[in-house]
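Encoded as structure tokens, the structure appears first; notes follow it.
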Amino acid sequence: MSTIQSIAGQNEQHPDLALVDKVRAGDVSAYDELVRKYERQIFRIAQHITQNREDAEDVMQDAFLKAYEKLDQFQGNAKFYTWLVRIAVNESLMRLRKRRTGKMVSIDEDLKTEEGSVPRDFADWAPNPEQNYNQSELAEILRKTIQGLPQGFRVVFALRDVEGLSTEETAETLGLSVPAVKSRLLRARLQLRERLSRYFKRKSAPAAPSGTDGALAPNKG
Amino acid sequence: MTCTEFLELLDDLIDDTVSAPIRSEIEQHMRKCGHCEVVFNTTRKTIEIYRSHEIFDLPPDLRERLHSAIMARCKRGC
């Protein structure tokens, strides 16, 4: 039986590898390019895990510095970005551990909940519901909602769905099995959907609004 | 197809990794089950909203400051 080769299996060289080679040869400006390319993503990932802006700033710096120092250990058969994300995830967890005064922190924390594994809210959403909020309101809703997820779900969702890593890359980055990533991803997606539903669901007809246009609402006696 | 079976396939459906026959079974189920159709549409929308909105923005001045700090240390050999 012929197997379908996944796109992950292709061998063409990623443009990052040429930059990595230049850095290894002593060209620091090539690293400047890599940092610029990925700093926003790394900052976002660090925010998702630490949920703290100052920590995310520190993590972002530490991750890029550590990657620079350890560049010799980077294997050219991996993607530089995935390798960098793994460093950033570890730095973020270390930062959390420090904040919680030495308590072990892992991405397996808080996963016992079954909450939200089965959908309960079946109300349809308004068309383009995000447009009912301004940018900062929407950002606040999205932040608050994702921050309410258990960490192990939040990180999987952030890497897989927000940052666009593949399931396999997410698994590799977090040291999880592919089935574990899949199971967490489904539960993360369902829980977020359930929680967002309260903001985005189609409003039922407003109950006797006052002061709205009265042309078609003359039933006042 | 039951709703539980639908739920098991939801991620594959969203990620577009289901085979054509399975997809058609799922679509057939959704035509009969309004709840599953809502779950599919709203879960897909959830992902789309998170993907297209920056919730942890990195303001340009902060980005520049952090970038410079990183590069300064790299140039010094960390």
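No value in this document is a laboratory result; all are computed from the given coordinates. Keep in mind that this is a model prediction, so the values were computed, not measured. Neighbour counts are summed over all protein chains in view; Cβ atoms, including those assigned to glycine, are modelled from backbone coordinates with ideal geometry.
Would you mind checking A:LYS144/A:LYS201; A:LYS22/A:LYS66; A:LYS201/B:LYS32; A:LYS98/B:LYS75; A:LYS22/A:LYS79 for any pair whose Cα atoms are more than 19 angstrom apart? Flagged as over cut-off: A:LYS201/B:LYS32; A:LYS98/B:LYS75. Listing A:LEU17, A:LEU192 from fewest to most neighbouring C-beta atoms within 10 Å gives A:LEU17, A:LEU192. Amide H contacts under 5 Å for A:TRP125: A:ARG202, restricted to partners 5 or more places along the chain or on a different chain, H placed in the peptide plane at 1.01 Å from N.
For region A:129-200, the fraction of alpha-carbon pairs lying more than 16 Å apart is 48 percent, rounded to a whole number.
Model label sites at A:GLN147 and B:ALA20, defined 7 Å from Cα along the beta-carbon direction, differ in position by 4.8 nm.
For region A:149-180 and region B:31-78, compute the distance between their C-alpha centroids and round to whole Å. When both Cα centres are located, 14 Å separates them. Placing a label point 7 Å from the Cα of A:ARG24 along the Cα-to-Cβ direction, the residues of region A:56-73 with a backbone N closer than 12 Å are A:71-73. With a 10 Å cut-off around each Cβ of A:25-38, the average count of Cβ atoms from other chains is 2. Rounded if a/c is under 1.5, else prolate if a/b beats b/c, else oblate: with a ≥ b ≥ c from the C-alpha gyration tensor eigenvalues square-rooted, which is chain B? It comes out prolate by the Cα gyration axes.
Label positions at B:HIS35 and B:HIS53, each projected 7 Å from the Cα along the C-beta direction, are separated by 2.8 nm.
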